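These notes concern the structure reproduced below.
The values are calculated or read from the model by the stated rules, or taken from the named source; none is laboratory data. These numbers were taken from a predicted model, which means no experiment stands behind them. Here Cβ is always computed from backbone atoms with ideal geometry, including for glycine, and neighbour counts include all displayed protein chains. Accessible surface is based on the protein model in full, side chains and every heavy atom, while ligands, DNA and RNA are left aside. Shrake-Rupley method; radii C 1.70, N 1.55, O 1.52, S 1.80 Å.
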There are 2 protein chains.
Amino acid sequence: MKSGVASLLNAKRFVVFGATDKEEKPGYVIFRNLLNAGKEVFGVNIRGGNVLGQRIFKDVGEIAYQVDCAVIATPAKTVPVILRQIAKRKIKNAIVISSGFGEVGNKKFEEHLGNLAKELEINLMGPNSFGFINPYQKINTSFYSGKVSLGGISFISQSGAIGAGIIDKLKSFSGFVSVGNSVDLEFSDFIEYYSEDEKTKVICLYIESLEESEGKRFLDVCKKCKKPIIALKAGKTPSGKRAGRSHTAVITSEEGVYSGVFKQAGIIECSSIKEMFSVANVFENVENLESKACVVTNAGGLGVLVSDYLSENEVPIMKLESRLEKRLDKVLPYNWSHNNPIDILGDADFAREVDVFKILEKEKSFGFYVVLLTPQHMTEIKKSAKLLTMLRRPVFVCLLGGDKVDVAKNILDRENIFVFDDPKEMCEVIGKAI
Amino acid sequence: MKSGVASLLNAKRFVVFGATDKEEKPGYVIFRNLLNAGKEVFGVNIRGGNVLGQRIFKDVGEIAYQVDCAVIATPAKTVPVILRQIAKRKIKNAIVISSGFGEVGNKKFEEHLGNLAKELEINLMGPNSFGFINPYQKINTSFYSGKVSLGGISFISQSGAIGAGIIDKLKSFSGFVSVGNSVDLEFSDFIEYYSEDEKTKVICLYIESLEESEGKRFLDVCKKCKKPIIALKAGKTPSGKRAGRSHTAVITSEEGVYSGVFKQAGIIECSSIKEMFSVANVFENVENLESKACVVTNAGGLGVLVSDYLSENEVPIMKLESRLEKRLDKVLPYNWSHNNPIDILGDADFAREVDVFKILEKEKSFGFYVVLLTPQHMTEIKKSAKLLTMLRRPVFVCLLGGDKVDVAKNILDRENIFVFDDPKEMCEVIGKAI
């Protein structure tokens, strides 16, 4: 691992180039984010002045302290000069927020930047980066301005804007990194870091393209990674690629090849943002999703749909042994399904649910529950939800309904209970997580 | 069309067999539902007595008025006798809520019921039906006990329990019908009815299996239907079929054959409950989703993903003519995408959005908007949302984020604005609706 990543993501003292009092500028938001989190942060701007009560230096040379990390949010053309300045000050880490490089066709200039970082021995994130967030160290060098809580998902994104949306949606992270155009630090470097990071339980990637030179190392690093890796690849179709940023040398432009690489690397490929983070949420909360599913439903139709979806997603389901069948016979009406899905029937009340789950809790032949709940006349949704929170194995719940099931969602929103509003979505997530 | 369906779904006077004061019984809920809606409803129960302040008759012969529809919620074995009793009273419509027929293996008994209905010339819905709801006539013969509002979707379901969940989720309908085991009235009869029903704009079907005898008529009726039909087929895999109810003679058990039949019949097949009702929602609100998409995004990455998804779902997108490109050049920064998706860039403020949409509103070369919004630093989400409600073509919006975009959801929840939280889901729905 490049030792640089650790020193970058855990930097103590920062300098923000382009610090300004113009609230619409990244240089303002980043300076404020670092300041508000209680970090030691210095601002540099050729105009000098004051921002948020802090003196702004005209030159990084004026700062008396040794700084760990420079965040550069100035026009593209100024970046090389700044890199030389910080090299002189022995600042080893730089995040280049500035855009106007490869993504707008200035490839030569971008290459120059990469070479300069190597020559000066600076760990460079970017350019065209959205910054990074390390919630456990209370560091936010991005221009995302909301609160981030502590979690177990680390997200490495090639799109800053998607990053902003995801952070706002998920709220809790172990890390967020926007690699930008990756002239120096790239996916592999951060995957290596998060593989060792004890707060990270799962790593998510949003990938538009990998440089050809990066391919082999990416494969090696992913294979060795100690955490599950989930990836979403954008730009798979010709029109998607047109919409994407051009890259000088991508691994390949053919559809399907990335999927092959992901498979080889042991990466779980997802097809949507939602799916990626639903699967990540399972890995974040469950060590190993083992063995077979036990499906319990109060709606026969949902049982049929879920059987289809589990089968399509290759999720094994527990065979109902006659021993267990006989036990269930004692607490269920004669016309229950005698099959897994266990249809406890639409007129099931809370007492019947308790009886069924008491029996199932003693069973060892399955690894997790899949529960399908619709608001039938006898359903006591609050009680049902509380019952589910007491089960000792992971539970996936599909709640089909509106107001009548909404109350259950809040109750179920805790560890090991995964709530969905559509059975297909739920089964796809289980299929990826297993 | 069997004239019976119209007289059943628009009945004025009802009799409920099995009316009771036991609140957990369907006979209670249905009687209460009809009574609360101000319908003329009589209760019959061999025990007599009073329910909700109404005299309960011991025999249907005691009722002095001509009744249009009987709802039967008594044990299975009593149903044939009751059918003979109502035939004597010239009651032409019956809903058999009672279960214990084909679905538990009593096929002979079920056949007998079908033959009896034909002999007595009774339009029979069921058995094992959840009832029907006609919101425009304020009729609820089901045991769903919530409020239903007026809408344009009619839903014909082979699963009562899924019906209950869907009603609770969607809230507004033009009709809901639970066909149950279909010994008499079947899918085709109701499709014919809703084809003519002026309140119905789109018909949704949840199908587990069709009787072989029903196949040809189903095909004919669907081909002639004046409304779009959307179907979800359950029991496509062997394990799904095992979980489903057994039927004496389904069209076929082979996977894929239903899809062929649906295609031939002009039915739009969906793969999940959520997708079916999202697509229905588009048909409910937009007459014809015509021509090409114009994609506007403030997040480049989302633009790439959406290009992939639109392409995968065969949604054509507008080619950006140089005329339009030049107009947009005047209001966008030099590094905008020059491509559709139109990337207005992450630093887009409200003024830039207004400028872009002013230009696009004058364009004729596309039929609808696809808008991708993530909460960037400069995004004024409320204003953006209000701007979208002013556009004169249908708008599909994907909001990627949490608290910061939630406020926009409420604003956008009106006609012609379709809001999604995942771009893949959105593009699949557009693909089905186009």
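With every protein chain in place, what's the accessible area of A:His377 (1.4 Å probe, Å², nearest 10)?
The accessible area of A:His377 comes to roughly 60 Å².
Where in region A:1-38 are there trypsin sites (Lys or Arg not before Pro) that are in a DSSP coil and have at most 14 other Cβ atoms within 10 angstrom of their Cβ?
Details: sites: A:Lys2, A:Lys12, A:Arg13, A:Lys22, A:Arg32; in loops: A:Lys2, A:Lys12, A:Lys22.
Passing both the DSSP loop test and the Cβ count: A:Lys12, A:Lys22.
Modelled label-to-label distance, A:Val354 and B:Ile46, 7 Å Cα→beta-carbon offset: nm?
For A:Val354 paired with B:Ile46, the spin-label model returns 3.4 nm.
Within 10 Å of each Cβ in A:371-378, how many Cβ atoms from other chains are there, averaged over the peptide? Before the final figure, lay out the partial values.
On the way: counts 0, 3, 1, 11, 9, 7, 11, 4.
Mean partner-chain Cβ count within 10 Å for A:371-378: 6.
How far, in whole Å, is the closest Cβ of chain A from the axis that maps A onto B, and which residue does it belong to?
A:Glu425, 4
Along the charge dipole of region A:83-142, which of A:Ile97, A:Leu113, A:Asn134 sits closest to the positive end, that is, farthest toward it, with unit charges on the beta carbon of Lys, Arg, Asp and Glu (+1, +1, -1, -1)?
With unit charges placed on the Cβ atoms, the residue in question is A:Asn134.
Give me the accessible area buried between chains A and B, both sides summed, with a 1.4 Å probe, in Å² rounded to the nearest 100.
On the way: alone 19630 and 19690 Å², together 34370 Å².
Answer for the A-B pair: about 4900 Å² buried.
Is there a simple number for the mean count of other chain Cβ atoms within 10 Å of the Cβ of residues in B:163-173, and what is it? Let's see the in-between values first.
Working: counts 3, 11, 17, 4, 5, 9, 11, 2, 2, 0, 0.
The mean count of partner-chain Cβ atoms within 10 Å per residue comes to 6.
In whole percent, what relative contact order does region A:109-263 give with Cα contacts below 8 Å and a gap of six or more residues? Intermediate values should be presented prior to the final figure.
Working: 259 pairs, mean separation 32.5, N = 155.
Relative contact order here is 21 percent.
Report the semi-axes of the equivalent ellipsoid for region A:181-244 in whole Å, largest first, where each axis is √(5λ) for an eigenvalue λ of the Cα gyration tensor.
Numbers: eigenvalues 107, 36, 20 Å².
Semi-axes (√(5λ), whole Å): 23, 13, 10.
Determine the shielding of peptide B:309-316 by partner chains: average, over its residues, the number of Cβ atoms on other chains within 10 angstrom of each Cβ.
Details: counts 7, 4, 8, 5, 0, 0, 0, 0.
If you average over the peptide's residues, the count of other-chain Cβ atoms is 3.
List the residues of region B:1-38 whose backbone N lies under 15 Å from a point placed 7 Å from the Cα of B:Arg89 along the Cα-to-Cβ direction.
Backbone N within reach: B:12-20, B:31.
Rg and Dmax of the protein assembly as shown, using alpha carbons, in Å: what are they?
Final numbers for Rg and Dmax: 30.8, 103 Å.
Which of the listed residues, A:Gly402, A:Phe420, A:Gly18, is farthest toward the dipole's positive end in chain A, when Lys, Arg count +1 and Asp, Glu count -1 at the beta-carbon?
Farthest towards the positive end: A:Gly18.
What FRET efficiency do you get for B:Arg13 and B:Glu314 if R0 is 41 Å and r is their Cβ-Cβ distance, rounded to the nearest 0.05?
Values: r = 51 Å, r/R0 = 1.24.
Calculated transfer efficiency: 0.20.
Taking only Cα atoms, what is the 0 to 90° angle, nearest 10, from helix A:187-196's long axis to the longest principal axis of chain A?
For A:187-196 against chain A, the angle is about 60 degrees.
Could you please tell me the mean projected area of the C-alpha convex hull for region A:75-153, averaged over all directions and given in square nanometres to one decimal? It would help to have the intermediate numbers written out before the result.
On the way: hull surface 25.2 nm².
Averaged projected hull area, Cα only: 6.3 nm².
With a 1.4 Å probe and every protein chain kept in, tell me what percent of the accessible surface of region B:4-70 is carbon plus sulfur. Before the final figure, lay out the partial values.
Working: 1390 of 3060 Å².
So the carbon and sulfur contribution to the accessible surface is 46 percent.
Which three extents, in whole angstrom, do the alpha-carbon atoms of region A:323-434 cover along their principal axes, largest first?
33, 33, 24
Filter the trypsin sites (Lys or Arg not before Pro) in region B:342-372 to those in DSSP coil with at most 13 other Cβ atoms within 10 Å of their Cβ, and list the result.
Numbers: sites: B:Arg352, B:Lys358, B:Lys362, B:Lys364; in loops: B:Lys362, B:Lys364.
Passing both the DSSP loop test and the Cβ count: B:Lys362, B:Lys364.
Just give the residues from region A:272-299 buried by at least 10 square angstrom of accessible area in the all-chains context relative to the isolated chain, probe 1.4 Å, and say none if nothing qualifies.
A:Ser272, A:Ile273, A:Lys274, A:Ala299
Cross-link candidates for A:Lys362: which lysines have Cα within less than 20 Å, leaving aside residues fewer than 8 places away along the same chain?
Correct list for A:Lys362: A:Lys292, A:Lys319, A:Lys326, A:Lys330, A:Lys386.
Before rounding to the nearest 500, sum -39500 (n - 2.57) across all DSSP H runs of length at least 4 in the protein assembly as shown and divide by the residue total; then give [θ] at 222 nm in deg cm²/dmol. Provide the component values of the computation, followed by the final result.
Values: 32 runs with 326 residues, N = 868.
Counting only the DSSP helices, I get -11000 deg cm²/dmol.
Label-to-label distances across copies for A:Val407, with labels 7 Å out along Cα→Cβ, in nm, shortest first?
Distances to the matching label points in the other copies: 3.1 nm.
Place the label 7 angstrom along Cα→C-beta at B:Gly48 and in each other copy, then list the distances from the first to the rest in nm, shortest first.
In nanometres, ordered from closest: 10.4.
Heavy-atom accessible area of B:Leu399 with all protein chains present, probe 1.4 Å, nearest 10 Å²?
Taking all protein chains as shown, B:Leu399 has close to 0 Å².
Would you mind checking which residues have amide H under 5 Å from B:Gly152's amide H? H placed 1.01 Å from N; only 5 or more apart, or other chain.
The list, which skips near neighbours in sequence, is B:Ser174.
Describe numerically, in nm with one decimal, the distance between label points set 7 Å from Cα along Cα→Cβ at A:Lys22 and at B:Asp403.
2.9 nm
One decimal, nm, shortest first: give the distances between the label point of B:Ser291 and those of the same position in the other copies, each label point 7 Å from Cα along Cα→Cβ.
Nearest first, the other copies' label points are 6.0 nm away.
Just how large is the dipole of region A:3-284 about the Cα centre, in debye to the nearest 20, putting +1 at every Lys and Arg Cβ and -1 at every Asp and Glu Cβ? Each step should come with its number before you reach the end.
Working: 37 positive and 30 negative charges, 109 e Å.
Charge dipole, region A:3-284, about its Cα centre: 520 debye, nearest 20.
If you rank A:Asp308, B:Asp343, A:Asp329 by how much accessible surface each has, with a 1.4 Å probe, what is the order from largest down?
Values: A:Asp308 5, B:Asp343 25, A:Asp329 65 Å².
Ranked from most to least accessible, the order is A:Asp329, B:Asp343, A:Asp308.
Beyond 39 Å, what share of the Cα-Cα pairs of chain A is found? Please give it as a whole percent. Intermediate values should be presented prior to the final figure.
Details: 30726 of 93961 pairs.
Of all Cα-Cα pairs in chain A, 33 percent lie more than 39 Å apart.
Restricting to DSSP loop positions (anything but H, G, I, E, B) with no more than 16 other Cβ atoms inside 10 Å of their own Cβ, which chymotrypsin sites (Phe, Trp or Tyr not before Pro) remain in region B:1-87? Write down the numbers at each step before the final one.
Values: sites: B:Phe14, B:Phe17, B:Tyr28, B:Phe31, B:Phe42, B:Phe57, B:Tyr65; in loops: B:Tyr65.
Here the chymotrypsin sites (Phe, Trp or Tyr not before Pro) that fit, given the DSSP loop and packing criteria, are B:Tyr65.
To the nearest 20 debye, what charge dipole does region A:15-142 have about its Cα centre, counting +1 at the Cβ of each Lys and Arg and -1 at the Cβ of each Asp and Glu?
200 debye
Under 8 Å for C-alpha pairs, at least 6 residues apart: give me the relative contact order for chain B, rounded to a whole percent.
Working: 856 pairs, mean separation 44.3, N = 434.
Over chain B, the number comes to 10 percent.
When ligands, DNA and RNA are left out and all protein chains stay put, how many square angstrom of accessible area per residue does the protein assembly as shown have with a 1.4 Å probe? Before the final figure, lay out the partial values.
Details: 34370 Å² over 868 residues.
Accessible area per residue: 40 Å².
Set Lys and Arg Cβ to +1 and Asp and Glu Cβ to -1, take the dipole of region B:3-284 about its Cα centre, and tell me which of B:Leu8, B:Ile273, B:Phe143 lies farthest positive.
B:Phe143
How high is the relative contact order of region A:288-433, given as a whole-number percent (alpha carbon pairs under 8 Å, six or more residues apart)?
Values: 249 pairs, mean separation 43.5, N = 146.
Dividing the mean separation by the residue count of region A:288-433 yields 30 percent.
Of B:Lys199/B:Lys226; A:Lys382/A:Lys424; A:Lys12/A:Lys201; A:Lys92/A:Lys226; A:Lys383/A:Lys409; A:Lys169/A:Lys199, which pairs sit farther than 18 Å apart, going by alpha carbon to alpha carbon?
Working: B:Lys199/B:Lys226 12 Å; A:Lys382/A:Lys424 24 Å; A:Lys12/A:Lys201 24 Å; A:Lys92/A:Lys226 27 Å; A:Lys383/A:Lys409 12 Å; A:Lys169/A:Lys199 20 Å.
Those over the limit are A:Lys382/A:Lys424; A:Lys12/A:Lys201; A:Lys92/A:Lys226; A:Lys169/A:Lys199.
Considering only A:Ala164, A:Ala11, A:Ala243, give the residue with the highest GNM mean-square fluctuation for chain A, with springs between Cα atoms whenever their separation is below 10 Å.
Fluctuation is largest for A:Ala243.
For chain A, which span is the longest to avoid every loop-located (per DSSP) member of GluC sites (Glu not before Pro) having at most 10 other Cβ atoms inside 10 Å?
Details: sites that count: A:Glu23, A:Glu121, A:Glu198, A:Glu254, A:Glu287, A:Glu314, A:Glu415.
Here the longest segment lacking exposed loop sites spans A:315-414.
Taking the simple approach of a point 7 Å from Cα along Cα-to-Cβ for both B:Lys77 and B:Leu391, what is their distance in nm?
6.4 nm
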